[in-house]
């Protein structure tokens, strides 16, 4: 039987049949360029002659044009120039609102710092052996002026000897321990001395006012020795028995106390302002007014002062 020949058919592949997607990228670039071109044509057709001159000047000298005029030659009512042309009333009201917001945030942050300091002092009293022993004499609260720490007398355990301004050794240790925390803050401090209503009769001319002030100053020296910066002290005051802690019993030991206040910013600024540290100039009442100065100058130039003679006093000869 005769065998059939095996025929193999080969297909010829023509190169370059498929070019991928690069033509799409090129067409997209072309479309973008055409859109930008037609946008320029539209702006040129709708621009006024003044705007065209402004554009021409910008391209000839961009630096000089920007320094001498607006950086936006063509205003499309959405540029920064619209904001710059806002009325002064609107700008001032916006600034005022922003200042109020900043002040509120500042007060909130300061209040939070006071609360954190309050908790830190409470923890220190609980952990420190010296303060733990006298924690019933330490009263801490937050007032409108700031964080207040009051060290009060107890029966049989006073801060000072009777009628004296020298600290007891344990009172000095309390102030030293408190100074470690108070010296770490940036706030100003106010120190106030208080007495009870018992009149002081140890020395002539020396009253509870002098005694309370001397005790407050003694507490100041102890705090500075314990770590408080001397420039941190804003006020040292003696109030005698004018502000009693226990109004029902004016002679109670608790009325004899030292009050330390970590001042907030508002109170500290108020103390400086009331002490004459304000930036506003004071009015000199002894200085003549401008009208009086002008009148005196006219009299001096006209010689009117030379013609005036004083009226003779009663019983005085007019030479």
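Just so you know, all these numbers are worked out from the coordinates, no wet-lab data involved. The model shown is predicted, which means the values in this text are computed figures rather than measured ones. Backbone-built Cβ (ideal geometry, glycine too); neighbour counts: all protein chains shown.
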Query raised in the report: Counting alpha carbon pairs within less than 8 Å and at least 6 residues apart, what relative contact order, in whole percent, applies to segment 107-274?
Result: 29 percent
Report task. Could you tell me whether segment 107-274 comes out rounded, prolate or oblate from its Cα gyration tensor? Rule is a ≥ b ≥ c as square roots of the eigenvalues, rounded for a/c under 1.5, then prolate if a/b exceeds b/c, otherwise oblate. Result -> prolate
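Among 185-198, 259-272, 29-42, 46-59, how do they line up by average Cβ neighbours within 10 Å per residue, starting with the highest?
Details: 185-198: 20.6, 259-272: 18.6, 29-42: 10.0, 46-59: 12.7.
Ranked from most to least packed, the peptides come out as 185-198, 259-272, 46-59, 29-42.
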Query raised in the report: Roughly speaking, what is the stretch gain from residue 38 to residue 108, that is 0.36 nm per residue apart minus the C-alpha to C-alpha distance, in nm to one decimal?
Result: 19.7 nm
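What share of the DSSP beta bridges in segment 107-274 is antiparallel, in percent to the nearest 5?
Numbers: 20 of 25 bridges.
Of those bridges, close to 80 percent are antiparallel.
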Report task. Can you pull the one-decimal nm distance between simple spin-label points at residue 25 and residue 127, each 7 Å off the Cα toward Cβ? Result -> 6.3 nm
Report summary line: Between residue 251 and residue 161, Cβ-based FRET efficiency (R0 25 Å, step 0.05) works out to 0.90
Report summary line: When 44, 218 are ranked with the fewest other C-beta atoms within 10 Å first, the list becomes 44, 218
